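To start, the structure under review is shown below, and the notes come after it.
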Amino acid sequence: MMRITDVVKHLLIINVLVFFVTLLVWGDPARELTGSLLSGTAELGDWERYMFALFFPTSPYFRPYQLVSHMFMHGDIGHLLFNMLGLFMFGTMVEMLWGERRFLFFYLFCGFGSMLLYLGMKYLELYYWGGVSFGAQNTPMLGASGAIFGVMMAFMLNYPNEPIGIFLLPIRIPAKYLIMAFFGYAILTGFGIIGGNRGVADFAHIGGAIFGYFLIVYWEKYGTRL
């Protein structure tokens, strides 16, 4: 039985606590996704939990603290469980390999990288790809998925042939194939090739993986002194 490492354990606790505390205090935000929120007529009290999600900087709902808080927010219990399962499965072995400080830095670096690519693609969508609408800039992004995709990248590069079970199926797939399938799916859905509009920030996932990959390449070449 794989033991849970300290940073992964604390990240799990923080994410779970943030989810349930904000749910208890402000309620379910799903009903706020339409109507006044997208039209820009909502007041601060109408945001409920979405005040901690990330809005595009030109949105009237954007606040600087969202640059950090969105990484610890989740939309529903399924979103939370899927991300926390990924953090435990892949993060524990990566932290055991790298140690606490290096793993935590990598996790947060991938989370911020995820955000940067998401905001960059949203900017292109709004101002160059014909997606300009008031509602589009008021669509929030939240979740730890970008950071976790970075952790998955680290796992794949360090344990490419590690067999991974898929729920209750009696098969195990090498990490390099399973994780590359996740990355490929995110790219295809991000560019709208498959899947349509699923309400998922695919470019945030892609950004976490890309920033994670290049940080690992940098570390291999120059070390981790910084």
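Side notes on the structure shown:
- Selection over the range 186-226 of residues that are open to solvent by less than 30 Å² (accessible area, probe 1.4 Å), at pLDDT below 90 and over 20 Å from Thr139 (Cα atoms) gives a count of 1.
- Whichever residue in the range 162-172 is among the hydrophobic types (A, V, I, L, M, F, W, C) and loosely packed, with under 15 Cβ neighbours inside 10 Å and, among such residues, is modelled with the lowest pLDDT: Leu168
- Among the numbered conditions (1) at pLDDT 90 or above; (2) more than 25 Å from Ile148 (Cβ to Cβ), the only one that Leu38 does not meet is (1).
- Of the helices (runs of 4 or more DSSP H) lying entirely inside the range 78-161, those carrying at least 3 residues that are open to solvent by 70 Å² or more (accessible area, probe 1.4 Å) and within 21 Å of Arg3 (Cα to Cα) are 100-127.
The values are calculated or read from the model by the stated rules, or taken from the named source; none is laboratory data. This one's a predicted model, so the numbers in the text were calculated from it and none came from an experiment. All Cβ positions, glycine included, derive from the backbone under ideal geometry; neighbour counts span all protein chains shown. Surface accessibility is based on the protein's heavy atoms, side chains included, excluding ligands, DNA and RNA. Shrake-Rupley method; radii C 1.70, N 1.55, O 1.52, S 1.80 Å.
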